[in-house]
Each structure stands twice: as C-alpha cells, then as structure tokens.
1. Looking at the structure I just gave you, is THR1373 among the hydroxyl-bearing types (Ser, Thr, Tyr) and modelled with pLDDT of 80 or more?
2. For region 714-732, enumerate the residues that are open to solvent by less than 30 Å² (accessible area, probe 1.4 Å) and closer than 22 Å to ALA761 by Cα.
3. Can we say ILE488 is part of a helix (DSSP H, G or I) and over 21 Å from the mean Cα position of the chain (by Cα)?
4. On the basis of being of a type in the set (A, V, I, L, M), assigned to a strand (DSSP E or B) and under 28 Å from HIS1097 (Cα atoms), does ILE765 make the cut?
5. Looking at ILE1305, ILE1300, ILE1317, which one is β-branched (Val, Ile, Thr), surrounded by fewer than 23 Cβ atoms within 10 Å (Cβ to Cβ) and more than 21 Å from ARG513 (Cβ to Cβ)?
6. Suppose we keep only residues that are over 43 Å from the mean Cα position of the chain (by Cα) and open to solvent by less than 10 Å² (accessible area, probe 1.4 Å) within region 626-642. Which one would you say is nearest to LEU811 (Cα to Cα)?
7. Just one of (1) farther than 15 Å from GLY1326 by Cβ; (2) of a type outside the set (D, E, K, R); (3) open to solvent by 10 Å² or more (accessible area, probe 1.4 Å) trips up LEU495, so point out which.
8. For the subset of region 774-816 comprising residues that are under 26 Å from ASP1458 (Cα atoms) and surrounded by fewer than 21 Cβ atoms within 10 Å (Cβ to Cβ), which member is farthest from the chain's Cα centre (by Cα)?
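The values are calculated or read from the model by the stated rules, or taken from the named source; none is laboratory data. Everything quoted here is computed from the prediction, not taken from an experiment. Because the Cβ atoms are built from the backbone with ideal geometry, glycine has one as well, and the counts that use them run over all protein chains shown. To get the accessible areas, we keep the full protein, side chains included, count just its heavy atoms, and leave off ligands, DNA and RNA. Shrake-Rupley method; radii C 1.70, N 1.55, O 1.52, S 1.80 Å.
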Amino acid sequence: MDWGLRYWASSLASPSHDIHDGQFYASDGPSSQISHNADWIHEFSRIAKAGVIQTCLVAFVLVWTAIETTGRYSSFVNIPKTDKTVRFNLPYEILSQLSRGAAFAFTLFNGYRRHQTWYDALPVGLAFLLGLARLFATPKWQRVSLHQINFLLFASLATLATAYLLPSLEIKPDEKVEKAMVGAIATLAFASLMALLTPREWTPPPIVENTAVYKHILEAQPSPEETCSWFVHYFSFGWLTPLIWKGWRVQVDMNDVPELPWYDEPSLLLDRILKVRERCRTTMWTVLSFQRSEILLMAFWIGSSFALELVAPFAMYQILSYISAPGDAVLDPVVWLVLLFLGPMGKSITMQQYVFTSTRLVVRLKSAMTQELYHRALSSMELEDDVINDIATRGSKDQRPQSTSAGRLANLMASDVDAVFRARDAVIGFVGVPIGIVISMMGLYKIVGWPSLVGLAFLVPSMALPAWVSSMMSKTQRKVKLAQDSRISLISEYLEAIKAIKYFSWEDAIATRIQEARENEQKELWHVCLWYALLGQLGEFIPAISLLLIFSLYIGVLKQPLTAPIAFTTMSVVMTLRRNMGYVSMISRTLTNAHVSIERLDKFYSNTVPLAQYPEGPLRIEKATFRRSKRAPFFLRDISIDFVEGGLNIVTGQSGSGKTSLLLSILGETTLEEGVVTRPSDVAFASQTPWLQSETIRDNILFHAPFEQARYDRVIEACCLALDLEELPKGDLTEVGENGTSLSGGQKARVALARALYSKAPLLILDDIFSALDAKTAASLWKHSFCSDMLKGRTIVLVTQMPWTASQADLAITMEAGTVKNIERNIGAVRTAVELEYGATNSEELAGEGTSTIKAAVEPSVETRAGTPKAKDDEISDEMKASGKSGRFTFFRYMLLFGGPAYAILAIASTIIADAVLIGTTWWLSVWVNAYNKKEAVNVAFYITIYAAFNVGTALLNGLSALIYNRGAWLAARKLHRKLIEGVLNVSLGWWKNVPVGRVVNRFSRDVGSLDSQLSSLVQYTIDIAISIAFRVGAVSSIMPIFILPALCTVGIGIFFGEMYIRTAVVLKRLVSSSQSPVFSQFSGSMAGLAVIRARHNMPQTFRDQLAERLRAFSRSQETSFNLNRWVGVRIDFIAALVTVSAGAIAVWKVGFVDAGLVGFSLTNATNLSSLILYMVRFMNDLEVELQSFHRVEEYVKLPAEDEKDGLPRSSHGDSEHPEETSLLEVPGDWPRTGEIEFRNVTVRYDLDGPDILKDINLNFKAGQRVAVVGRTGSGKSTLVLSLLRFTHIVSGQILYDGIDITSISRKRLRQALTIIPQEATLFNGTVRTNLDPSGTIPAHTLENALRSCTGIASFDFRSSSSSSSSSNMGSTDASVNGAEAIDDTNSVPPTEQTPLLSSSSSSTAIATTNGSSTSNSGSLSLDTRVQAQGENFSHGQRQVLSLCRALVRKSKLMLLDEATASMDYETDRGIQVALRNELDAGDEKSRTLVTIAHRLRTIIDYDLVVVMGGGKVVEVGSPAELYGKKGVFWEMVRFSGEGDDLEGVLEGMGV
C-alpha cells in the first residue's frame, strides 16, 4: 500500500545498468558493479573527513550567534521579562554539558593521534564553550545559544558518522574505526539524545500594545505542550501520557485537560483574523494569510513524508536482491533491515507532525472564524435576504426553501467553517501527491524503461475524468448546503417554539415538515455518494489500467521476463500511484465542499451592513426617514421628535402604526435614509417580547454589571418581584431556562424590565412592558418605578397602551401609519400612583413583603458571583452526563439499522469477497513470477488476462461494497433522523427546562452530520481492515509460519496501546461535543436578543469575551482529542515497523529456502500489514469515538414521550391514522360534543416532588359560557389553563372535559380537542396557509373563512384566491395603504418591519401590470402570503390576529386565551373579542366554551363568569356584576385598574 519510490532509491546503489534478457547487469560486469557501488561510500567518507564541513559549521554558528546577540534581527528581541519563564533544568544541563565535554575530549584525542583530523574537534568544542556560557548567562542569552548548541551537536554527529561509521557497514570493510572515534561518536550521540530529552524553556508571548485582547495570554501559565522536550514534542507526544494513564484508571474531566498554549488563545486569534480580513477581504485569502506559517509547515512535513515513505521500499528491494543473489551484495543486509525500520518511522514522524500541525490549524480556524462570525453578527444588521443560499441555486429555476437568519448563522458556524478547515488536506494534493507521483514515475522508469512513459501518458490525461466528476460534485454539494440550511433553520425555529407546537398538538405535522426538508437533503447526499463512488472507481481503474499497460509492453514488446524485484517493485509503485489518486479523490470532495462554503461565507461578509452609529448627545430626531431594511415596504417618514431629556416620553398608536419601529430606529436597528439622530451611547432596552439568557434571575438582572446590594433590592421592589422570588424554590438564583421557559409571561417581562432599571444607562427604551401584567401589578410597578426617584435623571421612552399614562408623561407621541400624528407636551407633569386611595394599603403590603424576601434571596451573592466562572464547566458536565457511555460493539446495533441483519451480513460479505480478490491479485503475481523461474515457456496472455481480471474484479467489488455501505448508512441516517425529531418533539416540556435548544441543535447538525458522512465510512474501513489483517497474516504465515509469532505479539501490543488510548479518547470526544453545545447555545440565544445586547455600551464586547471563554474550553478539549490520536499513532507506527522488520529478518534468515516470488508476496503483505495494524487501531478508536454521535442521537431517540411517563404507550408518531387509539381510554370520534369543564378538588404541581401550585380547585364552566380568569401575576391563572392542556401534574382530584377525565386520554388527543391563543403569538417561516394549518388537512375555504372573519382587525385585510385572480384584470391598484409602499418585485424578500398590510411573495398572488412588472396587492393578504420567521414582517397585533385565525379554523369546543390581547390597543382588542363572540355564537347550539386569562378588565367585563385567583386558590367566582356588587377583590381590581370610571359605566349599563 505504501511503496512509492522503491526502485528509484536503489539506483543510488546501482546507478548504471542495462536491461537484457530479463536480468539486471552492470555495464562492466559484476566485479565492476561491486567496486562502483563501493565508491560512493568512500567518496562520502572522504568529503566528511576533509574538514570543509566542520569549518563551515563553525563559521555559520558564529555569524548566527552574532546576529542574535546584537538583537537587530533577533527573534527574541520582543520577548518580555517575566517571572514565569521556565529556566533550564539543571540536572539535564549538567549531564548534557558533561557529554559535550567528553565528546570534545575524544575528538581532541583522536586529532592528536591523527593530526589530519584535528578539525573534527572544532564544532564540538564550540558547542562545549557555548554550553559553558549558557550556564551563567541571562535567560535571553540562554534561549539564543540553545539552538546553536543543538545544531552543532546534530551536525557534528552526522559528519563523524558519515566519515567513520559508513565505510564499516560494508560486508568487507577496508578499515576499522578507531576506539577514540567510537567514543566521540557515542558521546555525541548521547549529548544529542540529551538535547532531545531536555525539557524546553518556556518562551512568553511577545509584548503587544492591546493588553485588553491579550489579558488571558499574559495571565496564562505555560502549558505542557510548550515546555516538553523536543523528543516528546516531535516523536512521542508524551505530554499527554499522564492524561492517558489517568484515563486508563478513572474517567477524566475538563480539569484534567491540558491548558491551551498562549498562541491558541481565542481572543488573540480573533484579533489576528480581523486584521487579516481587513487586508484580504475574501475568506480564502484570509485563511491562507491567517495561517500561512502552519500551511508552509504542513507542506514541509507532508513533502518529507511522501519522500521518506520510499526508504522502506528501497530497503525491501535490496533485501529481495540479496535473497536473489547473496554473493553480489555490497552492504550487510542488517543495513537494509535497519532502513526497513527507520523508513516507516521517519514517514510516521513526519506524517504525525503534518497531522499535528493541521489539527492545530483546525482548532485555530474553528475558534477564530466562529468568533469572527459572531463579531460580525453583533455589529451588523440582519441580512435582508437569504443571499447566502443564492449561490446554491444559481442557474436553477426551482424555488429555494427559505431559511432564518439564526439558522443560516448556525449552519455557517457548524457546517461551513468545518468545511473550510477540512480542506486543509489540499496540501497533500498540492505538495505530497506531486512529489510522490514524480519520484514514483522516476523509479518506475528506472525499472521498466520507456513502457512507464506510456503508462504515464495514459495516467495524466485520465486525470481529467476525476476533475469533471469533482466539478459535478461541487454543484451537488451546493444543493446539499442549501438543504442543510433549510433543515437546520426549520429545526432551530421549531424547537425555539416547542411550547406553541405542543399547545396545538402539531408534533406530527412539524415532524413531517422537517422530514420533508431532510428528504430533500438526503436526496442530494445520495447524489454526492454516487459521484464519490464514481470518483473512487476512477481512482481504482486508472492506475490498474496503467499497470497492465506497463506489464504488457515490458513483456510483450521488450520481451523481458517478469522477475520478482521488477514485478513487486513495479506493483508497489503503481499501488502508490493508486493511493495518490485516492488522495486526489478524497481531497477533491473536501475542496468542493470548502469552495461552496467559502462562497457562502464571502456572501455573508460582503452583504452585512454595519449598524447605524449616531452622534452622541441628547435623544433627538430631526426630519428622519427610517426603513427596516433597504427593501422593506414599510417605513417611518418625516419623523421629528425632540424628546424630553430626563423625562418620560410615551409613544402610543394602533397596532402596525410604527411604534416598535420608532424604538428600533432609536437603537440604530433600522436604516436611516435621511435626517439626523442623536442619542446617548448607552441605552437599556426592554423589548416587547422579553429576551432572557439561560442563566439565573439574578444574572439576568445584573447583565454582567457589578452586584450592588442596595440598588439590587430597590430594583426588585420596583419591579414587584419580591413575592415571585419568594415562591421560587431558589429565589433569585433560580435558572430561568431557555429564554425564560420556567417563568410566566409577566415574570419574564418584569425581569427584563429589572435588567433595564438596574443598568446605569441614561436612556431607557421600554416597549409595552405593561402588556403582560395584571392591572394591580402594573399599577404597583408604575408607582414604584415611574412615580419614585428610581428613574430620576434618566430619559425614558415608553411604548404602552395604558390610557392613563399619557396625561402623566412629559411628552406624549401618537403614531399613525408610519408618521407622527400628534406630539403633546405636558409641562410640569407630575406622576402619581393609580387610585392611590384604594391601592395604598396593598402597595405598602407588597413593598413590605418584598423587602424581607429580597434580603433572604440575595444573601449568597458573593458565593454566587464567585461561582459564575464554573457555570461553563457545569454546562459541559451536564452534557457529559447526558451523553453517557457507548458500548464497544455499538456499531453492530448501528449496522442493523442498514436494513436488518440480512443487509448487515451482505455488507460484511461484500468486504470479505473484495479483500479475498485483492489478496488474490498479489498471489497471482507471485505465481506469474515463479513461472519464469521454472525455465519453461510462459503463456503471457494467460497470466496477464487473469491478472487483469483480478484487478478489474477488485475495483468493481470495492465500488459495490462502498455503495452497499453508503446505501445502508443513508437508510440508517434517515430512520434515526426521523426518530430523533419525533423524540424531541414528543418529550414533555419539563425536559426542555434543563436542556438548551443549542444543545439539541448540536445533535441535529454535528451528530447527524457524522451519521451522514463519517460514521459509515469508519464502519466500512474498520471491517475492511480487520478482514485484511486476517487475510495477510494468514498469507504471510502460510509461506513463513514463524512469522505468526511476531505478528500476533505486535498486534496484541498495538491493541493494548489502543485500549489505553480509547478510554481517554472516548471521554474527550464527549467533552468536545459537550463543550461545543454552549457555543451553539450562545449563538442561538444571542441572535434573539441582538437589539438588547447592542443597545448597551460595550455589551457586545462582553458577549464576545463570553464566547471566547466557551471556545477556550472547546478548543482545549478538541486540541487534546486530536493530539491523543498522534500519541497512539506514533506508538502503533513503531509496532508496525517492527512487523515489517520481522518479516524482512525472517526472509533474510531463510535465504535460499523460499522462492523469490513468494518472498516478494510475503514482504508485500507484511509491509501492508504493518500499515494495516496502524489503521486498524486508529479506525477502531475513531469508530468508537465517532459512535458517540450515534449514541447521542440514539439517546434522544429514546426520550420518553409525555404519555409514557404515565404508563401510556409511545405514540405511533403519525404511523396511525387515529392517534386516539394509543390512549388508555377510547373516546368517541366526535368527542367532545360540548365545551363543559369541571374541576373537582384539583391539586396541581409542576413537578411531582415540587410544591402545590393550585390547591383544591372546584369550578364548573358550562358549555357556551365565556369565562374570565383574573388575578395578580403569579396567582395561578396560567397554571389553571395549562392544567387543561396537561402541562402540569394533577396530583389529586379530576378535571372533566365533556364528562371525561382528561388524565385518562392521551395528551395529544386532548390537545387536538381544544385550542389556545397564547400570550406570545408564534409564527413560523412559511406562508399564511402553513401557519394556520401545518398538517395541510383543513380545506382552503375553511382557512379563508377564518381570515375573512378577522378582516379589519389591526389593519388586517384578507384577499381570497378568487378575488386575487379577478383583481389581476384591474388596471391599477392602490400603491400605498396606511403609509406602506407596495413591493414591485415578487422575488424580493418579504418586508422585515411590522407592516399593517403585506404582500405575498408567491407568484400566485402577483398581479400583472401592463408594463410587464408584477405588483402585489399591498392592500390585502392571502393564504399564500409569505410569513417570515417569528412573523417579523407582521405587526404584533397582526400576529395575534393570525393566532386567532388558528383557533377559528380548529372549531374546538373549548377555546383558551392566555392574555392574548394584553399588548393590543383597545381597537384591536375589541375586534378580536367581536370575532370570538361571532364564532362562539355561530350555529344553533351554543356548545363552545371560551376561557380567557385577562389583565385588561375592559376585555372581560361583559363575560358570563369571572374566576378570581389568588395564591393558587379560587378567591371569588361569579358574574362581573355579582362580584362588583360584593365589593371584594374584583371590585378592588376594577377601581385599581385606572379605568374604574369606564368600567363602572359598563357595569351600570348592564344593570348593576
């Protein structure tokens, strides 16, 4: 397998020969050959003894030392003085100096005895003197002199060995070596060995100006990699041995992983790549310039490796020549045995150094490019179009799937950055392969003459075929990237909204949509597999045909016999060419992937737009026009506002009028087309949809600011969080979960507000913070925050729908259709609490309770802040525990997924047959060679035909076997992905509280990617190599039976080393995957809160530092994982080299007893066996490591579905047409018939072992009633509704829905029977149709009727398909409605700003105009109107209207509203209530029940029944009139709401 240049090297020993009668003869006869071959030895010795080399060495080192000492060009001139500098190890230094002195003494003594060799002592003496000076010099001089000393030692040793030892290697040497010179060489060798074994002195990083970037470097301690000896660094990677030994005994963790060297520090890498990006612009040149030293070093190592791999073939050829003619040998065969060992070891060391350097490049590129993407995302506006994927559809008429910005960024980080660094092996193709091919062809020409040129003439043009296949692969790979983006975007988007999916029981529909995207991806992946298989076949056939051409011409035209040296050497050279062609195939695949990814990255970087940077000053806008993006139809125009500095500025207006757009414009999140804006540089922003980090409540409030106890207490009190913290199990140290999943909507809003209040930003931007709060909490928050000195001196811009706030504002702004309708200044406005005479007592109570709670909650503040850095390790540990451990033979279970046991057996059988035929190829060559030795006529046509058949059969069978494995892996990946998405969609919501979405996305990207590509190849290679080893051991042992002993011993030792390695490597693999999940989580989490992060001064840099911290852990584990492979690799290579030497020694020992052809057959297989042992251990280890991906996917596949925890069987996930068949209780198909609900003594908990949330609830909602549930935040309102959906645990009592206990049926069936309109409307990327009905089962007319019934709400205007068609005949359309401009390009991205009216991007809704352009009907929308991720092209009110439409199309008997209209203006709220009333009143029988959670009492004042909750219990029940008449809690809420007069008027109108 690795026999590149075997015969070319032999020409050094036999440079002049002719081919005659199939034998090699010297030009002047045998004796002349021996004499001539001996001449080069004596010539080399003479040159080494001449003294020129020694003199040049001394002169060179003196000049080198002078240059370094002066410091002008010194590489050490910029090294700072530091107390952490590692001085030399004194025992090592003394021993080294003694050996140098002994060598100097021996050379002086030898020069004294032989006067002509005194110059041998010059370089040795200089090394001795430099060593003496080093003992007493400064640290800088010690570093300067070290390299000169070592250089002199190694050069002197090589010179003396050439001069005196080389002639003694002849079988009959002319002279013996003097004992003094033997002593000199021995001591020099010992001194050189000590130089290799002495620990290196740590060199601190150079002094730099930017200390902020390099703070981690300057504080870092030396890593083991930086201080280990040269032997450990280059030969054994022994700095990892302590880790290996510990991993052998116990499981290692992150604390055991070696620290990063300073030159791999993430912050340093980011700083460097940003500077390079400024110069180079394109990604390719950025990467090449950023890591140019590593790339050049890789080129050196791989070039050396490809050259050194020919040493062993040369030695094998000489051994075969010795066996054929022992009397003609010049050098002792021990020399060739030594070279047979040193050749593979030299190749191993250089190859391992190449891989070591390349994996260091991987770590650096991953860290740097990930940070660069994050840096650009934090400092740029979101891309207004999916330009990244445009390159994947160039020239294609197919409509590409849409992807989200977060999904695209996640895929760029997870997939495209990986594809870039995976192309690092292009260095092999551009440097190693050409060197191997050129030298191999030179050797081939030396062997067979001009027929080799014919083979080369066939080989070179044939390379065009693989090049064409590679270009086709590149096109297919673009489609794969596009499909991956679409899938990851879907998964990220849906998993972020998992709660909404479960609300509507859409798990099956969503799984189907994701699987459709997955099938598109797999279709392209299969095409890539086919192209790759064709590429592999070309790599097999082209060298085989070339070999047959050479053999045919050599035997048929030159009429030469095929001898063993010629046959096996020629075959080894062609095998080298085949391997090189395989490298080309492999590299072409990675290069095509990298090419596509580089294009995508360039598209991203070239299309991002920096955020608007406004001049610093008081908040003021003058004649400004803003647009969300350059192509957005909605814009704010002619905006001129002089905000009151240090005062309260309130913004009101209808939904879609541009309120949120105004706030985003102040933040710089929109495009300023004209006008002037000034604002403070530090802004605190609380968005309409609260964004929280997956940390504790306290960490979210502090937001990386220092902890101040008094300030913190006041903020908690002002935001009315004291009671909430008291109810939480860990107070303010409670983890909020992914985006606050463990908190209620009101709690999330108040924590986000507390974050803004705690900051010291002079400007606060608050977007509708009261919408999620009940009236009493809102009033209390207003009092403690806005009516106190909490916000004194700070400018507040508040968007709100609260009518009583405008009169108390310093400035009231009314927005309408993207313009400022009215500005009202209230000079001398005084803010007062709402209904103070009724609410004072309660407020004081609230404040009093809050104070004690705060003190209890914040006590462990010091410990918490000190413990924060450990949080990242905890994240990794949690992921590690979740990942668990996979079994050794898990791959058998994986192979069963190929298609069952029969398919797995077929795959293994194909490998056995292919390997048997491959062995047969070499065996037949030995039979052919031995036929010439029988002195009989040889039927060349017969032998060459059989040999050709073996080669063709090998190629075809290898290709067939690869297709079988690839097809099986393709099927397995499809099954696992389907089960994986079903597993995570059907698991309970409680599971998601402790699992970040980024961790799950990591399984879908990285781990599924492994199933798609790497795992199947490793399974095939491992099985293939195991079978090949068995065949080769058997083949060699059948000819040389004694060989089985060293073979089995070396295989056993190799397996032992592999077992030591694998125990640590598997844990490191899990650490790598686990430490990458926090990186994914920060990426996805930050993208949702970009506006909040970017508003704060220097906060983006804080988040960059946080990402660098997480990448530091990831880089540590990844770099160590890579280096562990090097540790085991060099040891297995050592064992493998011993196998080859054993076979060679046995062959020399049995000279004359075994035919040369059979010896060639044995040595060929033994040489291959040595490589196979290495690959066997490596692939076994890599397989077990990579099986972690399979295990991690399988782990989520086996997640228990919600009903499984209650003893219900796992849902069939769509395989059954009737999901209710999986429930314990079969319910009729028409259930429920009414919406009657009854609570019987119900007690509810969120966790089975947690506290009671609802206690002893008894309620009865009659069919057709409209029921309101009210109460302060945290009173249990949402829990009551969630219990109807069974998101809680009913620990006692019953909830009856239409007479059936809801715990007796499956959750999926229950949720299909009711509908909820949640507080936060969730829309998905797609169309209006797919958002209303993801399953696609509801008729279009039903969907259209629902949209039609909502027309007029929040500027919502529906256009049916029929009206759309008829409207196409109209001559013109209104180009602007409510200030929104129409889009004139149907291919443009839908508007990204909240617009009151939207245009469909679908061609079906386009209206053709007379001039040939297409214009959407901007005054309406249809089922085909495009919806962006999270409904970004809809206003908040329009999203809720679409959420209402979802409820209407389901026709459920029970409808639940969870504060759905809290953030709406009153007109929108009234429109939604009217639409609901019309829907409930439709039909002859009023059987549909509506249950509404409301903070806005005006919404529910005319309801049939009101339930007042408090402390998890029912406080009051009755009609609004009854409860108001009792003057209880509800009466107080009415008076406390700020709308008391209006509500009393409504109640009086009802007859109260």
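1. Details: among the hydroxyl-bearing types (Ser, Thr, Tyr): yes; modelled with pLDDT of 80 or more: no.
Judged against the criteria, THR1373 is not a match.
2. Of everything in region 714-732, those that are open to solvent by less than 30 Å² (accessible area, probe 1.4 Å) and closer than 22 Å to ALA761 by Cα turn out to be VAL715, ILE716, ALA718, CYS719, CYS720, LEU721.
3. Working: part of a helix (DSSP H, G or I): yes; over 21 Å from the mean Cα position of the chain (by Cα): no.
So ILE488 fails the test.
4. Numbers: of a type in the set (A, V, I, L, M): yes; assigned to a strand (DSSP E or B): yes; under 28 Å from HIS1097 (Cα atoms): yes.
It is true that ILE765 is of a type in the set (A, V, I, L, M), assigned to a strand (DSSP E or B) and under 28 Å from HIS1097 (Cα atoms).
5. Working: ILE1305 fails: surrounded by fewer than 23 Cβ atoms within 10 Å (Cβ to Cβ); ILE1317 fails: surrounded by fewer than 23 Cβ atoms within 10 Å (Cβ to Cβ).
Of ILE1305, ILE1300, ILE1317, the one residue that is β-branched (Val, Ile, Thr), surrounded by fewer than 23 Cβ atoms within 10 Å (Cβ to Cβ) and more than 21 Å from ARG513 (Cβ to Cβ) is ILE1300.
6. We begin by selecting, within region 626-642, every residue over 43 Å from the mean Cα position of the chain (by Cα); these are 638-642.
Now narrow it down to the ones that are open to solvent by less than 10 Å² (accessible area, probe 1.4 Å): 639, 641.
Values: ILE639: 15, ILE641: 10 Å.
Only one residue fits best here, namely ILE641.
7. Condition not satisfied by LEU495: (3).
8. TRP804
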